[in-house]
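Just so you know, all these numbers are worked out from the coordinates, no wet-lab data involved. Just so it is clear, the structure is predicted and the values come from calculations on it, not from any experiment. Neighbour counts run over all protein chains shown; Cβ positions are idealised from the backbone, glycine included.
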There are 2 protein chains.
Amino acid sequence: MTDPLDDKARHMVKEARLYCTEARVAILKVLMAAAGPLSQDQISGQVESRSLNKVTVYRTLESLAEAGLVHRAFMEDRAWHFELADHCTEHQCHPHFTCTRCGVTQCMTDISLPMAVIPRKGFVISRQQVRLEGLCPACA
Amino acid sequence: MTDPLDDKARHMVKEARLYCTEARVAILKVLMAAAGPLSQDQISGQVESRSLNKVTVYRTLESLAEAGLVHRAFMEDRAWHFELADHCTEHQCHPHFTCTRCGVTQCMTDISLPMAVIPRKGFVISRQQVRLEGLCPACA
DNA sequence: AGAAAATATGCAACATAGTTGCAAATTTTG
DNA sequence: CAAAATTTGCAACTATGTTGCATATTTTCT
């Protein structure tokens, strides 16, 4: 029971002043171990303990997103994909790369683009999201 | 019947070597007149002539997208939004700006970001999509 | 610790966006 | 104009979420 991932997840939940429930901890652990954004379905499938009701998963993700621990990443798919808000600056999350052949999406935490500038009066940009498409090394 | 929009739409369909059907022409006309990406529902609502079945709208949009006349811009509110593929370079479409207060999304045809460069071997980027969030002049 | 208050969970039923198979209608080709 | 190719509409279906509400869990208070 001294799983470091577990401890970290619990700590994050406490910090955010949320009830420290099994669902929140379990879902954060899954997201911490993930290589890219995951859908509700994928998350459910990877939760270790007992299985969580899908409604619970959705509501948990929502609360974690509201608390700023998790982000909804934008995807081509019809399903929402979530990821830790780690590595995000206030204004920009890392870009996501989707391989058009194998369909896998990865987080590009090692690149960041300059923030766009809108040459028109009055716009306030608070966030910028970038999606890249192409071929990954395995498919190229 | 010498509606210039109509003529242009017909021309585009012919150029793409698609059957010149009422649905394709009508939908292209709606998209040509649109200020931003539209959902299937919005498109249906704006088609003049008789109303089109939603399946037809989806299938028409799909064929237009396949022919490269139209793009799926992004998902919002769980629905795909489509727009003309106008003003897109081969590698990058214009960014989209969504106001987090009024919810309106606009096309930023006057900005373009430099293409991202992935500092890892083997990735081939073919397309880059940018989404901006913030406040529009009316809401700021 | 134990009770009360606050919050989260699960179930069943519902909502929405999009898809599929197939017969009928439209468009193009010869 | 007839035949071939393609599109359309209908009904039924799938996938992805959402809502209301009773029950269970977590936190707070004493």
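Projecting the Cα atoms of A:79, A:53, A:28 onto the dipole axis of the range A:19-96, where Lys and Arg carry +1 and Asp and Glu carry -1 at the beta carbon, places A:53 farthest toward the positive end. The same position residue A:53 in the other copies lies at 3.8 nm from this copy, comparing label points 7 Å beyond Cα toward the beta-carbon, shortest first.
A simple rule links phi to the HN-Hα coupling: the Karplus curve 6.51 cos²θ - 1.76 cosθ + 1.60 with θ = phi - 60°, which for the range B:93-100 gives 8, 5, x, 10, 10, 10, 7, 6 Hz, with x for Gly and Pro. Remark: the range B:69-85, residue by residue, has Karplus-estimated 3J(HN,Hα) of 7, 9, 10, 7, 7, 5, 9, 9, 6, 6, 10, 5, 10, 10, 8, 4, 7 Hz, where x stands for each Gly or Pro and the curve is 6.51 cos²θ - 1.76 cosθ + 1.60 at θ = phi - 60°.
Distances between copies at residue B:68, taken between label points 7 Å from Cα along the C-beta direction, are 4.5 nm in increasing order.
Charging the Cβ of each Asp and Glu at -1 and of each Lys and Arg at +1, and nothing else, the dipole of the protein assembly as shown about its Cα centre rounds to 100 debye.
Please quote Rg/Rh for chain B to two decimal places, taking the Kirkwood radius as Rh and restricting both calculations to Cα atoms.
On the way: Rg = 16.6 Å, Rh = 16.4 Å.
Result: Rg/Rh = 1.01.
Once the gyration tensor of the Cα atoms in the range B:1-79 is diagonalised, the equivalent ellipsoid follows with semi-axes of 19, 14, 12 Å, ordered largest first.
In chain B, a dipole from Cβ-located charges (positive for Lys and Arg, negative for Asp and Glu) runs towards its positive end, and of B:106, B:88, B:125 it is B:125 whose Cα lies farthest in that direction. The fraction of Cα-Cα pairs per 5 angstrom bin, counted from 0 for the protein assembly as shown, comes to 1, 5, 11, 13, 15, 14, 14, 11, 7, 4, 2, 1, 1, 0, 0, 0 percent, rounded to whole percents. Once backbone amide H atoms are built at 1.01 Å from N, residue B:52 has no partners under 5 Å, excluding neighbours fewer than 5 places away on the same chain.
The same position residue A:15 in the other copies lies at 5.3 nm from this copy, comparing label points 7 Å beyond Cα toward the beta-carbon, shortest first. Across the range A:127-133, coupling constants 3J(HN,Hα) worked out from phi with the 6.51/-1.76/1.60 Karplus curve, θ = phi - 60°, read 8, 10, 10, 10, 10, 10, 10 Hz, and Gly and Pro carry x.
For the rotation that carries chain B onto chain A, the axis lies closest to a Cβ at B:75, 2, where the number is the distance in whole Å.
Under a 5 Å amide H cut-off, with hydrogens placed 1.01 Å from N, residue A:104 pairs with A:99 among residues at least 5 apart or on other chains.
Amide H to amide H distances under 5 Å link residue B:39 with B:82, where only residues 5 or more positions off or on other chains count and H is placed in the peptide plane.
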